[in-house]
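What follows is a single structure, written as structure tokens, with notes after it.
The values are calculated or read from the model by the stated rules, or taken from the named source; none is laboratory data. If you're wondering where the values come from, they're calculated on a predicted model, not measured in any experiment. Cβ placement follows ideal geometry from the backbone for every residue including glycine, while neighbour counts extend to all protein chains displayed. Note: accessible area is taken over every heavy atom of the protein model, side chains too, but ligands, DNA and RNA are not part of it. Shrake-Rupley method; radii C 1.70, N 1.55, O 1.52, S 1.80 Å.
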Amino acid sequence: MTAARKHRRAETPPLRLVAGEAAGQLDDVIHGRVCLAIVSALAARDNLSFAELKSALQLTDGNLSVHARKLEDAGYVSCRKGFDGRVPRTEYRLTPSGRRAFERYLGHIEALLRASRPG
Amino acid sequence: MPNVRTRPAAPPVDAPAAGPSLPARAAEDLRAIRSSMERASLFTAVPGHGGMLMGLVGLTGAVLASRQADSGAWLRVWLGTAAIGVVVGLCAFAHTARATGQSLLSPTGRRFLLALLPPLIVGGALTAVLPGRGLSSALPGIWLLCYGASTITCGLLSLPLVPVMGVGFMLLGAAALALPPAAGDACMAAGFGGLQLLFGWLIARRHLAAGEAP
């Protein structure tokens, strides 16, 4: 084993510690499969309509409504209802708090993956 | 500040567990995040039935063009067919985009259009120059290649079926250039008629399966 590898190994905390810590901090609102998909999609685009989200994530109307509401209640997503001509249009956007929560979540996942790498 | 519950601390990762391990779950989450972000950046309002209509226009153009005796009339028929095809295509895109709540003018729609245009501009420039140099017979191959390239580039921002159709057009374009000039209209009929009809049908089926307007 090289000196650099030994040094890196010494700096990396044991997997059980990092994993336990990261898992303990995982945001329960984002952690669900559908909520995570919605937040990820909104992180990639400035805003998305209900129809765009439904089509991109292949969700049913009911499933999307329920999980979008859950994210709205947590303050992670804002929802604006309006009209595009005569057609009703519901638009979703990630709030600053939602973006921070998403970045935190990514940080925890990265920490878990880093700690699980051998060497 | 939202009232967010956090998960209870997990057992040590090396303890026996019924589900996937934490690192495996983290890797799975990362893949799901990447996939959702990619899909959100796609323009999926590609018309299925509109594509089939464009295929019918292409087939009609091929039949009419094959009956022309001189290259000038032949070119005019194809230019007229292209103009009708563009109008039908734009109307179909606008209709599908409206029906699915998307817009050609949204950032994704604009990127889709920008990806579509450069190969078509190349095709237009060559169409303006080549007949004057007596190279009209090369046009079917060039049109099919340019349309195929355009479909592949915009298809990378859209449904996976779209770039596959582009590959088909490019293969037909290469065939049109390799075969004798008399085969040009047949290749055009196979591409702008056959491929367009086939993929229009496949895309319409995909939209219907997803509960969207075809």
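The figures follow:
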{"item": "Selection within the stretch B:82-102 - touching a helix residue (DSSP H, G or I) at 6+ places or on another chain (Cβ under 6 Å) and in contact (Cβ under 8 Å) with a residue 60 or more places away in the chain", "result": "B:85, B:100"}
{"item": "Residues within the stretch B:111-159 that are open to solvent by 50 Å² or more (accessible area, probe 1.4 Å) and within 21 Å of residue A:56 (Cβ to Cβ), tallied", "result": "5"}
{"item": "Where residue B:164 falls short, out of the listed (1) modelled with pLDDT of 95 or more; (2) buried (at least 21 other Cβ atoms within 10 Å of the Cβ)", "result": "(2)"}
{"item": "Residue that is modelled with the highest pLDDT, among those in the stretch B:60-110 that are within 14 Å of chain A (Cβ to nearest Cβ) and open to solvent by 70 Å² or more (accessible area, probe 1.4 Å)", "result": "B:95"}
{"item": "Within the stretch A:24-33, considering residues that are assigned to a helix (DSSP H, G or I) and open to solvent by 10 Å² or more (accessible area, probe 1.4 Å), the one modelled with the lowest pLDDT", "result": "A:24"}
{"item": "Residue check for residue B:175: in a helix (DSSP H, G or I) and out of contact with any Gly (no Cβ under 9 Å at 6 or more places or on another chain)", "result": "no"}
{"item": "Within the stretch A:39-119, helices (runs of 4 or more DSSP H) holding 1 or more residues that are within 8 Å of chain B (Cβ to nearest Cβ) and open to solvent by less than 30 Å² (accessible area, probe 1.4 Å)", "result": "A:50-57, A:96-116"}
{"item": "Unmet requirement for residue B:115, which otherwise passes all of (1) touching a Cys at 6+ places or on another chain (Cβ under 8 Å); (2) modelled with pLDDT of 95 or more", "result": "(2)"}
